[in-house]
Number of protein chains: 2
Amino acid sequence: MRKTLKDVAQKAGVSVAVASRVLGNYGYVSEENKEKVLKAAKQIGYYSDILARSLKTKKTYSIGVIISDVTTFFFTSVVRGIEDVANQSGYHVTLCNSDEDPQKEREYLEELYKRRVDGIIISPTSKNIAYIKKIMRSGIPVVLVDRKIDEIDTTQILVDNEWASYEAVKHLINLGYRRIGAINGVKEIRTSEERFAGYKKALRESDIKIDPQLIKYGNFRMENGKEAMVELLKMKKPPDAVFVANETMTTGALLALKENEVKIPQEVAIIGFDDPVWAPLVDPPLTTVRQPSYSIGTIASQVLLQKMDTRGRKTKHEEIILKPKLIIRESCGEKIKIKNK
Amino acid sequence: MRKTLKDVAQKAGVSVAVASRVLGNYGYVSEENKEKVLKAAKQIGYYSDILARSLKTKKTYSIGVIISDVTTFFFTSVVRGIEDVANQSGYHVTLCNSDEDPQKEREYLEELYKRRVDGIIISPTSKNIAYIKKIMRSGIPVVLVDRKIDEIDTTQILVDNEWASYEAVKHLINLGYRRIGAINGVKEIRTSEERFAGYKKALRESDIKIDPQLIKYGNFRMENGKEAMVELLKMKKPPDAVFVANETMTTGALLALKENEVKIPQEVAIIGFDDPVWAPLVDPPLTTVRQPSYSIGTIASQVLLQKMDTRGRKTKHEEIILKPKLIIRESCGEKIKIKNK
DNA sequence: TTGTAGGCGTTATCAA
DNA sequence: TTGATAACGCCTACAA
């Protein structure tokens, strides 16, 4: 059976209060008793029951993380970042995949609330804003990552999406591409909007007409990227370059290109958001926008830890915006050179 | 402030017992009171406190999962499998990355124990066997995945590693390769041993001498794979094919080949364990051993759920062995054809 | 069908 | 310094 404080106290011949004090490392205890308790605890293999402790102290030393899908490189490294700093401060993280599904997101939020996590880090859909606010009001600090939500007054760790995709598309334009397609994420998500805005801005700036036919929307999933790319390829006049707004859709798009034996970049150039480990290995090495994903995680964790310390104080809307980086490899080639060949 | 059952009861004008009964959905309650309670709970925004409940019921409805690294495709999909079925039964999973570090593994085991998870799924190092047994003895069921440990009497969801790597290496031999290198995982892990055994068996069967110089060991990490491949390439007589024992090391090995501009498979053929989404996209498309990772997860979860139901009954050592599949793409080419070119 | 009250394992107050 | 003892929020005999 599971050992309790009472067992320890009995074994050590002291009261539970004393046992609790030495094991909890607070209050006054004589050296003698301290030793006795420690020894007894070890002997019977006692481990404190966090449930009971939390019930009493109102601290669970756990934080909840809700992201859309651990399966991607981006979130995977955000999570590692979060964990690495949270663990260091003695916090445990419980992870939830919302799969971009507001319903699931809502359920996980409730679950985390019920489990009394001390704080939450979330990459939110835009459908549970009211509930997130409610949770915050109840005293649980929340930090947003990756996706901005104006209505929520807390710290948000973001990436300069518009700037990054602007740079990416401009890169294509500079290389001589003019018919540039885009495979975007779902419209409702701020991140998608921003990346799309960068795309439009770059085209506009170069006086390239925006052709709605070249613009596709997906749900950030592989299949969507694939389908979108297939549609693009099927056009009478397909694009000569494509900007893809995230990692999984890029994988899908590349798969489509492969299956249709389209030469990259000779027939279609491609540039993707997110820079997974395999980007340099594909054929040809993929030019990408690299997000500082691990840093997003560590910063989010640090900010949250701090908020948990100063609980109660009202938090303001605050944005920490990180700059992604364009990693130029070979999937965009150089339109001009290609033409001259 | 957080609402409690008492608040609900007060609001509904009944006793906490009644409120508890309707919210907990058990026992007798009049329709009238049921409605009143439900309404009150909703109005004040009540959510049960799982901590308190768990303390009383001894059930946390959460299971702990310890794997080496969520960052890999293999574990990522094992975890998705686990979660998908656990969630369906109302269980929550808390995830821990041990990074192959026995110390960390031990800490997480303790943490999960303290947090009173109802069950544990672990892909273990071989250093905490005694502690795992102790946890099991205390009544928490444990299921092992991916790595066999003879001394632990519980269900283990495994993959036929020896057979799979035997098939992989035989594939290379059939294609005409004779100088076949191996980049293995750490020796202490059963999985590594088994994969290495398959390699040896295939060579032996074809009367190919096993050259210790061609055999490298890594810690399942990317850098290791890279270094090992570099060493292999530096040999006066490098291998003409290499078998790599897991995904991350394969990534590293491919990176090394790329950086050294080694042509695959003309100069060195390569075959990797694990089949990440990007395998078909690399240059050339990678021949791999695909493990049924998602199934490993779902099965582990199902088995664990069942064990949690029949708690107390003593469990036996039992192995569920799944067959991986060789996915032939182009990274092994055909030695003979290459020679004839 | 309802309500009272004790207990889950800890922490923490207060008197000794 | 120590030890009773009252919470923490919930469940659940048991009595009514």
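Of A:K58/B:K58; B:K209/B:K258; A:K236/B:K258; A:K187/A:K226; B:K56/B:K148, which ones are farther than 26 Å apart at the Cα? Result: B:K209/B:K258; A:K236/B:K258; B:K56/B:K148 exceed 26 Å.
Take the alpha carbon gyration tensor of the stretch B:164-247, find the square roots of its eigenvalues, order them as a ≥ b ≥ c, and report rounded if a/c is under 1.5; if not, report prolate when a/b exceeds b/c, else oblate. It is oblate, given that a/c is not under 1.5 and a/b is not larger than b/c.
Where chain B is carried onto chain A by rotation, the Cβ closest to that axis, with its residue and distance in Å, is B:D283, 2. What separates the B:T57 label point from its copies, with the point 7 Å along Cα to Cβ, is 2.5 nm, written shortest first. Quick one: grab the alpha carbon gyration tensor of the protein assembly as shown, order the square roots of its eigenvalues as a ≥ b ≥ c, and give me rounded if a/c is under 1.5, else prolate or oblate depending on whether a/b is larger than b/c. Oblate shape, in that a/c is at least 1.5 and b/c is the bigger or equal ratio. Helical content of chain B, expressed as a calculated mean residue ellipticity at 222 nm, amounts to -14000 deg cm²/dmol (DSSP H runs of 4 or more residues, -39,500 (n - 2.57) each, divided by residue number, nearest 500). For the stretch B:13-134, the equivalent ellipsoid built from the Cα gyration tensor has semi-axes of 39, 16, 11 Å, listed from largest to smallest.
At q = 0.17, 0.31, 0.33 Å⁻¹, what log₁₀ I(q)/I(0) does a Debye calculation on the Cα points of the stretch B:5-48 give, no solvent, two decimals? Once normalised to I(0) and log-transformed, intensities are -0.33, -1.16, -1.31. Placing a label point 7 Å from Cα along the Cα-to-Cβ axis, A:E110 is separated from the same position in the other copies by 3.7 nm, shortest listed first. In the structure shown, the pairs A:K104/B:K114; A:K127/A:K307; A:K36/B:K114; A:K263/B:K237 are assessed against 30 Å; a Cα-Cα span above that value is assigned to A:K263/B:K237. Stokes-Einstein at 20 °C, 1.002 mPa s, Kirkwood radius from Cα pairs: D for chain B in µm² s⁻¹? For the chosen part, D equals 95 µm²/s. For the residues B:A245, B:A17, B:A269, a GNM of chain B with alpha-carbon springs under 10 Å puts the largest fluctuation on B:A17.
Here the stretch A:5-48 is assigned +1 on the Cβ of each Lys and Arg and -1 on the Cβ of each Asp and Glu. Its dipole about the Cα centre then comes out at about 100 debye. Springs between Cα atoms under 10 Å define the GNM used for chain A, and in it the highest mean-square fluctuation of A:E231, A:E31, A:E193 occurs at A:E31. Of all the options A:K216, A:K226, A:K58, the one that moves most in a Gaussian network model of chain A with Cα springs shorter than 10 angstrom is A:K58.
Each residue in A:E162, A:E111 was given a count of other beta-carbon atoms within 10 angstrom of its own, and listing them fewest first yields A:E162, A:E111.
Averaging Cα coordinates gives a centre for the stretch B:196-233 and one for the stretch A:257-314; these two points are 33 Å apart. Across the identical copies, the label point of B:I210 (7 Å from Cα in the Cβ direction) is separated from its matches by 6.3 nm, in order from shortest. Exposure proxy for A:K200, A:K209: other Cβ atoms within 10 Å of each Cβ, ordered fewest to most, give A:K209, A:K200.
Where a number appears in this text, it was derived from the coordinates with a stated rule and is not lab data. Predicted, not measured: the structure shown is a model, and the values here were computed from it. Counting neighbours? That spans all protein chains shown, and the Cβs are built from the backbone with ideal geometry, glycine included.
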